[in-house]
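The values are calculated or read from the model by the stated rules, or taken from the named source; none is laboratory data. Fair warning: this is a prediction, and the values are worked out from it, not measured in the lab. In this analysis, Cβ positions are derived from the backbone assuming ideal geometry, glycine residues included, and neighbour counts consider all displayed protein chains. Side chains are part of the model used for accessible areas, which takes the heavy atoms of the whole protein and leaves out ligands, DNA and RNA. Shrake-Rupley method; radii C 1.70, N 1.55, O 1.52, S 1.80 Å.
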Amino acid sequence: RCLLKMVKENFVVPEEILSFCCNGLQGSTSPAREPGEQEEVLGAMANPLPARNPTEVQMSQLVLPCHTNHRGELSTGQLLKWIDTAACLSAERHAGCPCVTASMDDMYFEHTISVGQVVNIKAKVNRAFNSSMEVGIQVSYEDLCSGKHCSICKAYASFVAQGPSGSKVKLKPLTPQTEEEKIEYSIAAERRRMRLVHKDTLKDLLTRSPRETELETRDGSVAVPAEKTRVESVELVLPPHANHQGNTFGGQIMAWMENVATIAASRLCHAHPTLRAIEMFHFRGPSQVGDRLVLKAIVNNAFKNSMEVGVCAEAHGQEMSVSRRHINSAFMTFVVLDEDGHPRTLPMVAPEPGDGERRYREASARKKIRLDRYNNVSALKMLVAKANWALAREKEKVRMYTLEEDKFLSFRIEMSVRIAASQAFSLLSDLRRRHEWDRHYARAELVQQVDDDDMIYHVVSQTLSHENKPQDFVILASRRKPCSKGDPYVVAFRSVTLPTHPASDGFTRGETLCSGFCIWPESEEMSKVAYYNQATPGYLNYVTTNVAGLSSNFCATFEACEKFLLKNKEDLIVRL
């Protein structure tokens, strides 16, 4: 109105224009909407899009020739830099202060990325602990010409918040909102545990592997001495290599490590290898501008179609002979692809005596059971967190739910029991006592104590297979106490392969994909006990029969479990 008054006082304006402008102030001059269109607009205003995670960071990078290797594919080292940058920005959004990379979990690269394509990286904090947090990273590529999108890898990084003079900062808790965020939040505690015991796990693998190195034999192949693949390279840390805190950028260190590992792999196969997987980067300490970083790599073992390269980084001051600091170490898996994209057969490796033989045995052990313990608990937590469970039957206190997904049928049976959660956890985690309440179990023998919380059992079942033989299983049982308030006690079961217990003629070897107990405390003397099982095709007929016929078998077994818990809780209290 002020603008119109000024125009009328200083300019000659036709009356119809002034009238049009004044009408525009009183009401909208846009065309009227149809009733359906008005409802659509009002509905969109009433149902806004879900709030975006405040820690989420999105990064898009166009792959240029300077980012690629000789094949015109994005260098993995460059990708690691981008991943680390996005993850650090997400961590600092939550912490509100500088953060440093503590570790980067195992990564598996599904595809390569070419010049001209776009790398899309999304990072967000999954869970915050005391002074550290887990950041989940999703990487995909986009072809601008075809519009195609494809997943590249998924990674998890651990960051530590730092205050003045490098002091640790206590982080505020993070509350997950979406179903996906709740699943990641739940599993983050198990991933954190595996990071903390990573070094002990490697020692355990070495202890359990045979002391004498048995070299693999391969027709027509001559073993290459591992010493011929050894690489050592030095890098001077300059200001462009440092982050905003003056420390060497974690992504830069990972890129240098990937470079020397690729050279070592090339020396074995005399070809250009492709990086397929990286086992956890673990940052042991910082380095600064002016440091000399010595990077060492060697092929630890070569399997038929893949090889493992061990790589480490050490920091030195100006005097290279003193003050050596171990900065980082990792294991990288490479393959060599033929023209059709299939992995080629690789030469064998002859390890050097001593440390070389140790690394050779470690690589073999890692290849066999690298992810068994991690997947054991995380798979159960992912099953627990799914939202589409349907109530199939309720009998008195026992409730039975089912979940249909693809070719799997999962079931969940739960009830409240008058027992403390810690007591139920102790009784249900020992498979040697399961035959006392589960009639399908004949016996269970503890064959290997992996650590205090992970045991491997040989289980014999009462159930006969189609071959009219009893079934047996080799099962890894993992028990986990709650990480924080609201988390359940977890006892997870999963079949594993154990060289000392191969399949025998007297049994039909069965498989447990994912099963176990989750126990939530409802009060000091009450607990909700839930049993989960993801049925394999061989077990599916048994499960389907019980669901379709509403048989009381499941409920009777779980009621027997309740009696077992109530009967033995007093004995447990006395022993404690």
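Ranked by solvent-accessible area (1.4 Å probe, protein heavy atoms only, all chains present), the residues 279, 357 order from largest to smallest as 357, 279. Taking each residue as 0.36 nm, the span from residue 89 to residue 304 lengthens on full extension beyond its C-alpha to C-alpha distance by 73.4 nm.
A cut-off of 5 Å between modelled amide H atoms, ignoring neighbours fewer than 5 places along the same chain, links residue 174 with 128. Give the shape of the stretch 54-178 as rounded, prolate or oblate, defined through the alpha-carbon gyration tensor: a ≥ b ≥ c are the square roots of its eigenvalues, a/c under 1.5 means rounded, and otherwise the shape is prolate if a/b is larger than b/c and oblate if not. It comes out prolate by the Cα gyration axes. Accessible surface comparison of 115, 447, 231, probe 1.4 Å, protein chains only, largest first: the order is 115, 447, 231. Between residue 177 and residue 497, the simple spin-label model (points 7 angstrom out along Cα→Cβ) gives 4.4 nm. Can you list the lysines whose alpha carbon is less than 27 Å from that of residue 395, not counting same-chain residues fewer than 8 positions off? Once the sequence-local lysines are set aside, what remains near residue 395 is 381, 386, 528, 563, 567, 569. Other residues lying with their Cβ under 13 Å from the Cβ of residue 503 contribute a combined charge of -2, Lys and Arg counting +1, Asp and Glu -1. Annotation: amide H of residue 349 within the under-5 Å range of 224, 302, sequence separation 5 or more or interchain, hydrogens built in the peptide plane. What the Cβ-Cβ distance of residue 56 and residue 436 gives, at R0 = 56 Å and to the nearest 0.05, is a FRET efficiency of 0.70.
Modelled this way, with points 7 Å down the Cα-to-C-beta line, the labels at residue 560 and residue 118 are 6.0 nm from one another. Relative to one another, the C-alpha centroids of the stretch 82-129 and the stretch 386-436 are positioned 36 Å apart.
The packing ranking, built from the mean of other Cβ atoms within 10 Å per residue, places the peptides 156-168, 247-259 in the order 247-259, 156-168, highest first. By the gyration tensor of its Cα atoms, with a ≥ b ≥ c the square roots of the eigenvalues, what is the shape of the stretch 223-374: rounded for a/c under 1.5, prolate for a/b over b/c, or oblate? Judged from the Cα gyration tensor, the stretch 223-374 comes out prolate (a/c at least 1.5, a/b above b/c).
If you roll a 1.4 Å probe over the heavy atoms of the protein chains, what accessible area per residue do you get for the stretch 377-568, in Å²?
Per-residue value: 48 Å².
Across 378, 186, the residue with the most accessible area heads the list, and the full order at a 1.4 Å probe is 186, 378.
The slack in the chain from residue 567 to residue 511, taken as 0.36 nm per residue of separation less the alpha-carbon distance, amounts to 17.1 nm.
Name all residues of the stretch 299-315 having a backbone nitrogen under 12 Å from the label point set 7 Å from the Cα of residue 227 along its Cα→Cβ direction, giving them as ranges. Within reach of a label on residue 227: no residues.
A crude spin-label estimate for the pair residue 446 and residue 284, with each label 7 Å from Cα along the Cβ direction, gives 3.3 nm. Just to confirm a number: summing +1 for Lys and Arg and -1 for Asp and Glu over residues other than residue 295 whose beta-carbon lies under 9 angstrom from that of residue 295, what do you get? Charge balance near residue 295 sits at -2.
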